[in-house]
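**Q** This is the structure I want to talk about, given as structure tokens.
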Amino acid sequence: MELMGCGRFRGCLVLVLCTVLLVGLVSGIGVNWGTQLTHPLPSTTMVKMLKDNGIQKVKLFDADPDILNALKKSGIQVMVGIPNEMLYTLANSMQAAERWVSKNVSAYVSSGGVDIRYVAVGNEPFLSTYNGSFEATTLPALQNIQAALVKASLGNQVKVTVPLNADVYQSAQVPSDGDFRQDIHELMVQIVKFLSQNNAPFTVNIYPFISLYADPNFPVDYAFFNGFQSPINDNGRIYDNVFDANHDTLVWALQKNGFGNMPIVVGEVGWPTDGDRNANLQYAQRFNQGFMSRYMAGKGTPMRPGPMDAYLFSLLDEDIKSIQPGNFERHWGLFYYDGQPKYQLNIGSRTNGLVGANGIAYLAKKWCILKTSANLNDEQVAPSVSFACQNADCTSLGYQSSCGNLDARGNISFAFNSYYQVNDQIDSACKFPGLSVVTDKDPSTGDCKFKIMIQTDSAGLHGNGRIWHLRILVLAFLFFTLL
């Protein structure tokens, strides 16, 4: 705490040097690379897209060898992730931690030319919805991974961190009221102390969209960066957007517990484009461009006014992400599933907009829709739509979503086509009993797009495996509907 007041010249000098080093590490914007897609693009295509857009940092949620191999000698800095499901094993076995580091860090850093800078131990492990499932294992796993990195002579090169949701801290009214959540306060202080001892950053995911989604009375303009007309005054510090207020609540929580100088990494920040009335292209462009304009100008927050380190969420839409939090979860991408940009966005690269993926091959221009002769009162309609949406993505059909204005026939057609495309347009995927037909006329209308799937052989169930999987599903569906 002595350094905060610069009580001694030596303290000030150390602080200045640390600040210079930290700022030096913060260069271009980062992005989260999720992999929960039925048809992922080839990793080499993704890496080229990252480089074409001048993206210099990437955050992963696991240690996928195909992705890490594609990142070799790319010059892209990497945060490699450990899923929550692995925390128990890593917390209880030093050998398991050493094996993980050897396989997923050392092997790529030492000989593979992958610029791994961080290991993210877990992902938002203290979400209240987890009911404390990972509270006993996160810190021990963190400690074991750190010890394994040190043993591998990587302790100075690769830092550990824990990406945490912003719900680990709270404030009664203003940022200066901020402190860690009471039920995990002691644990948070222990984790922060450990990170500080190892010169590692605090990583936090901040989502103004969620504030708007969770509270119908939340002021819309306060979620963006355009100058909210009724800003919060916190002892002279003015907050005209919720991102700054949220971020600085964390700064105060750290400061109150003796870690006011700890570096902060914004691990996730972004805005979805579908699946909710506030998730659309216009709002996403407004938020992300507002954030990027500040980021590129080196403008921080009232409590941390300098450049910040951040990763946009996320690179692509992911059509098999859990929608338990909301239908919007599958629509966070800056790019659609096929690597094409959704909207104009300047992220500071050598172009004025996003650069899409090249060389993408699509399936034939055909769609599965409801027959014009089909009766909407047919008893097979409801189970057919339910089956299709359980095994494909129908999140665009929600209220005030991009396809929310379709009529009943349009809704059914959208569901059928989603299932047809995700199963690579094979004939048996458009065999809903007496209801479906394949057409070569695009049924898209307005903002509602009926997708054509991309050609890829990298999904886990493609080829013969996917076909047999589909046949089993269809047979089961027909069996139960005919009972």
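The values are calculated or read from the model by the stated rules, or taken from the named source; none is laboratory data. As the structure is a computational prediction, the values presented were derived from the model and not from experiment. Because the Cβ atoms are built from the backbone with ideal geometry, glycine has one as well, and the counts that use them run over all protein chains shown. Surface accessibility is based on the protein's heavy atoms, side chains included, excluding ligands, DNA and RNA. Shrake-Rupley method; radii C 1.70, N 1.55, O 1.52, S 1.80 Å.
**Q** Only one of Gly258, Gly227, Gly275 is free of Cβ contacts under 8 Å to residues at least 40 places away in the same chain and on the phi > 0 side of the Ramachandran plot. Can you tell me which?
**A** Numbers: Gly258 fails: free of Cβ contacts under 8 Å to residues at least 40 places away in the same chain; Gly275 fails: free of Cβ contacts under 8 Å to residues at least 40 places away in the same chain.
Unique residue meeting the criteria: Gly227.
**Q** Ok, one more. Of the residues Ser386, Ser458, only one is open to solvent by 20 Å² or more (accessible area, probe 1.4 Å) and either farther than 27 Å from Gly34 by Cβ or modelled with pLDDT of 95 or more (or both); which? Please lay out each step first, then the result.
**A** Working: Ser458 fails: either farther than 27 Å from Gly34 by Cβ or modelled with pLDDT of 95 or more (or both).
Exactly one residue qualifies, and that residue is Ser386.
**Q** Let me ask another. Do the conditions hold for Leu376, that is, is it surrounded by fewer than 17 Cβ atoms within 10 Å (Cβ to Cβ) and at pLDDT below 95?
**A** Working: surrounded by fewer than 17 Cβ atoms within 10 Å (Cβ to Cβ): yes; at pLDDT below 95: no.
Against the criterion (surrounded by fewer than 17 Cβ atoms within 10 Å (Cβ to Cβ) and at pLDDT below 95), Leu376 does not qualify.
**Q** Hey, among Ser402, Ser386, which residue is assigned to a loop (DSSP other than H, G, I, E, B) and either among the small types (Gly, Ala, Ser) or under 20 Å from Pro272 (Cβ atoms) (or both)? So that I can check it myself, show each step before the final result.
**A** On the way: Ser386 fails: assigned to a loop (DSSP other than H, G, I, E, B).
The match here is Ser402.
**Q** Pairs under 7 Å by beta carbon, first residue closer than 14 Å to Leu37 by Cα and without any contact (Cβ under 8 Å) to a residue 40 or more places away in the chain in segment 416-428, partner part of a loop (DSSP other than H, G, I, E, B) and not polar (S, T, N, Q), six or more apart or different chains?
**A** Ser418/Ala392; Ser418/Asp393; Ser418/Cys394
**Q** Identify all residues within segment 203-244 that are among the acidic types (Asp, Glu) and under 20 Å from Gly300 (Cα atoms); write none if there are none.
**A** Filtering segment 203-244 down to residues among the acidic types (Asp, Glu) leaves 215, 221, 234, 240, 244.
Matches in segment 203-244: Asp221, Asp234, Asp240, Asp244.
**Q** Inspect segment 337-350 for any residue being acidic (Asp, Glu) and open to solvent by 50 Å² or more (accessible area, probe 1.4 Å) and give the result as yes or no. If you could, list the steps in order and put the result at the bottom.
**A** Narrowing segment 337-350 to residues acidic (Asp, Glu): 338.
Of the ones still in play, those that are also open to solvent by 50 Å² or more (accessible area, probe 1.4 Å) are none.
No, because not a single residue in segment 337-350 is acidic (Asp, Glu) and open to solvent by 50 Å² or more (accessible area, probe 1.4 Å).
**Q** When you go through Phe218, Phe202 one by one, which is the residue that is aromatic (Phe, Trp, Tyr), open to solvent by less than 10 Å² (accessible area, probe 1.4 Å) and farther than 22 Å from Ser293 by Cα? If you could, list the steps in order and put the result at the bottom.
**A** Numbers: Phe218 fails: open to solvent by less than 10 Å² (accessible area, probe 1.4 Å).
Of the residues listed, the single one that is aromatic (Phe, Trp, Tyr), open to solvent by less than 10 Å² (accessible area, probe 1.4 Å) and farther than 22 Å from Ser293 by Cα is Phe202.
**Q** Please go through segment 110-150 and pick out each residue that is of a type in the set (Val, Ile, Thr) and either modelled with pLDDT under 95 or in contact with a Pro (Cβ under 9 Å, 6 or more places away or on another chain) (or both).
**A** Looking only at segment 110-150, we keep the residues that are of a type in the set (Val, Ile, Thr), and these are 114, 116, 119, 121, 129, 137-138, 145, 150.
Across segment 110-150, the qualifying residues are Val121, Thr129, Thr137, Thr138.
**Q** Could you tell me how many of the residues in segment 105-159 are surrounded by fewer than 20 Cβ atoms within 10 Å (Cβ to Cβ), within 30 Å of Ile323 (Cα to Cα) and among the small types (Gly, Ala, Ser)?
**A** 4
**Q** Which of the residues belonging to segment 128-156 are more than 20 Å from Tyr88 (Cα to Cα) and part of a helix (DSSP H, G or I)? Steps first, answer last, please.
**A** From segment 128-156, those more than 20 Å from Tyr88 (Cα to Cα) are 150-156; that's our starting set.
Answer for segment 128-156, where residues must be more than 20 Å from Tyr88 (Cα to Cα) and part of a helix (DSSP H, G or I): Val150, Lys151.
**Q** In this structure, is Met86 touching a residue at least 40 places away in the same chain (Cβ under 8 Å), open to solvent by 30 Å² or more (accessible area, probe 1.4 Å) and within 21 Å of Thr138 (Cβ to Cβ)? Quick ask: steps written out before the conclusion?
**A** On the way: touching a residue at least 40 places away in the same chain (Cβ under 8 Å): yes; open to solvent by 30 Å² or more (accessible area, probe 1.4 Å): yes; within 21 Å of Thr138 (Cβ to Cβ): yes.
In short, yes.
**Q** Next question. Do we find that Ile323 is β-branched (Val, Ile, Thr), under 20 Å from the mean Cα position of the chain (by Cα) and open to solvent by 50 Å² or more (accessible area, probe 1.4 Å) in this structure?
**A** Values: β-branched (Val, Ile, Thr): yes; under 20 Å from the mean Cα position of the chain (by Cα): yes; open to solvent by 50 Å² or more (accessible area, probe 1.4 Å): yes.
When the stated conditions are applied, Ile323 passes them.
**Q** Of a type in the set (Val, Ile, Thr), within 21 Å of Asp447 (Cα to Cα) and part of a loop (DSSP other than H, G, I, E, B) - does that describe any residue in segment 297-320?
**A** Going through segment 297-320, the residues of a type in the set (Val, Ile, Thr) turn out to be 301, 320.
With the extra rule that they be within 21 Å of Asp447 (Cα to Cα), the set shrinks to none.
Scanning segment 297-320 turns up no residue that is of a type in the set (Val, Ile, Thr), within 21 Å of Asp447 (Cα to Cα) and part of a loop (DSSP other than H, G, I, E, B).
**Q** Then there is this: Just the residues that are among the hydrophobic types (A, V, I, L, M, F, W, C) and either part of a loop (DSSP other than H, G, I, E, B) or in contact with a Cys (Cβ under 8 Å, 6 or more places away or on another chain) (or both), please, taken from segment 59-117. Step through it out loud before you land on a result.
**A** Taking segment 59-117 and keeping what is among the hydrophobic types (A, V, I, L, M, F, W, C), we get 60-61, 63, 67-68, 70-71, 76, 78-80, 82, 86-87, 90-91, 94, 96-97, 100-101, 105, 107, 109, 114, 116.
Across segment 59-117, the qualifying residues are Phe61, Ala63, Leu71, Ile76, Val114.
**Q** Answer yes or no: is there a residue in segment 160-171 that is closer than 30 Å to Asn226 by Cβ, open to solvent by 30 Å² or more (accessible area, probe 1.4 Å) and over 23 Å from the mean Cα position of the chain (by Cα). Spell out how you get there, then give the answer.
**A** Let us first name the residues in segment 160-171 that are closer than 30 Å to Asn226 by Cβ, namely 163-171.
Add one more test, that the residue is open to solvent by 30 Å² or more (accessible area, probe 1.4 Å), and what stays is 165, 167, 170-171.
Checking which are over 23 Å from the mean Cα position of the chain (by Cα) leaves us with 171.
Yes, that holds for at least one residue.
**Q** Would you be able to say whether some residue in segment 227-247 is within 16 Å of Asn165 (Cβ to Cβ), open to solvent by 50 Å² or more (accessible area, probe 1.4 Å) and within 18 Å of the chain's Cα centre (by Cα)?
**A** Looking through segment 227-247, none of the residues is within 16 Å of Asn165 (Cβ to Cβ), open to solvent by 50 Å² or more (accessible area, probe 1.4 Å) and within 18 Å of the chain's Cα centre (by Cα).
**Q** Checking Lys365 against (1) over 30 Å from Ala284 (Cα atoms); (2) at pLDDT 95 or above, only one condition comes out false. Which one?
**A** In the conditions (1) over 30 Å from Ala284 (Cα atoms); (2) at pLDDT 95 or above, Lys365 misses (1) alone.
**Q** Can you tell me which of Pro272, Pro325 is within 18 Å of Pro208 (Cα to Cα), touching a helix residue (DSSP H, G or I) at 6+ places or on another chain (Cβ under 6 Å) and assigned to a loop (DSSP other than H, G, I, E, B)?
**A** Numbers: Pro325 fails: touching a helix residue (DSSP H, G or I) at 6+ places or on another chain (Cβ under 6 Å).
Every option except Pro272 fails the conditions.
**Q** Then there's this: Within segment 277-320, how many residues turn out to be over 17 Å from the mean Cα position of the chain (by Cα), under 24 Å from Ala388 (Cα atoms) and of a type in the set (A, V, I, L, M)?
**A** 0
**Q** Can you spot a residue in segment 427-437 that is surrounded by 13 or more Cβ atoms within 10 Å (Cβ to Cβ), within 22 Å of Gln340 (Cα to Cα) and at pLDDT 95 or above? Spell out the reasoning first.
**A** Quick first cut of segment 427-437, residues surrounded by 13 or more Cβ atoms within 10 Å (Cβ to Cβ) only: 428-437.
Checking which are within 22 Å of Gln340 (Cα to Cα) leaves us with none.
For segment 427-437, residues surrounded by 13 or more Cβ atoms within 10 Å (Cβ to Cβ), within 22 Å of Gln340 (Cα to Cα) and at pLDDT 95 or above: absent.
**Q** Still on this model: If I filter segment 329-373 down to residues being over 23 Å from the mean Cα position of the chain (by Cα) and not in a loop (DSSP other than H, G, I, E, B), which single residue comes out as farthest from Ile452 (Cα to Cα)?
**A** The residue in question is Leu370.
**Q** I need the full set of residues from segment 36-58 which are buried (at least 18 other Cβ atoms within 10 Å of the Cβ) and in a loop (DSSP other than H, G, I, E, B), in order please.
**A** Matches in segment 36-58: Leu37, Thr38, His39, Pro40, Leu41, Asn53, Ile55, Gln56.
**Q** Also, quick follow-up: Anything in segment 59-80 that is among the charged types (D, E, K, R) and surrounded by fewer than 20 Cβ atoms within 10 Å (Cβ to Cβ)? List them, or say none.
**A** Quick first cut of segment 59-80, residues among the charged types (D, E, K, R) only: 59, 62, 64, 66, 72-73.
Those that are among the charged types (D, E, K, R) and surrounded by fewer than 20 Cβ atoms within 10 Å (Cβ to Cβ): Asp62, Asp64, Asp66, Lys72, Lys73.
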